[in-house]
Amino acid sequence: MSRKAPDPVRIEREEAWVGDAVLSLYARKYILHSSGGMDQEEFAAMTSNSFLRAFGPPTRVESRIGQVYVQQGLAAAFAFIEAEFLPLYLKQKRNRR
């Protein structure tokens, strides 16, 4: 009996689902820490597909975050987000002001 090959699209979407949750948690923690309160507008800007598109297809970007989380844990995923995405986010935030 032969096994079906893994579906790469399904795998990427599942990884992205996890990556989206990790990014959302990072964004909420970052916003609470940096602004001292909740800010839905900033949260949306940090996690939007339009922001993620600066790094590639949003599903692929979130998938990469999910991969880092699964392979290395939450601290590594947060460090990845901070190193890869936060600098551009902060630059765009300054430009919006």
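The values are calculated or read from the model by the stated rules, or taken from the named source; none is laboratory data. Quick caveat: nothing in here was measured; it's all calculated off a predicted structure. Cβ coordinates were reconstructed from backbone atoms using ideal geometry, including for glycine residues, and neighbour counts include every protein chain displayed. Each accessible area value is taken on the protein alone, full model and side chains, heavy atoms only, with ligands, DNA and RNA left out. Shrake-Rupley method; radii C 1.70, N 1.55, O 1.52, S 1.80 Å.
Within segment 40-65, track down each residue that is over 17 Å from Arg28 (Cα atoms), small (Gly, Ala, Ser) and part of a helix (DSSP H, G or I).
Result: Ser50, Ala54, Ser63.
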request  = Would you point out the residue of segment 9-28, among those that are within 22 Å of Gly73 (Cα to Cα) and over 12 Å from the mean Cα position of the chain (by Cα), that is surrounded by the fewest Cβ atoms within 10 Å (Cβ to Cβ)?
outcome  = Arg10
note = Scanning segment 52-97 residue by residue, the ones that are open to solvent by less than 80 Å² (accessible area, probe 1.4 Å), modelled with pLDDT of 95 or more, of a type outside the set (A, V, I, L, M, F, W, C) and over 13 Å from the mean Cα position of the chain (by Cα) total 2
request  = Take the residues in segment 30-51 that are without any contact (Cβ under 8 Å) to a residue 12 or more places away in the chain and under 20 Å from Tyr69 (Cα atoms), then tell me which one is least open to solvent (accessible area, probe 1.4 Å).
outcome  = Ser48
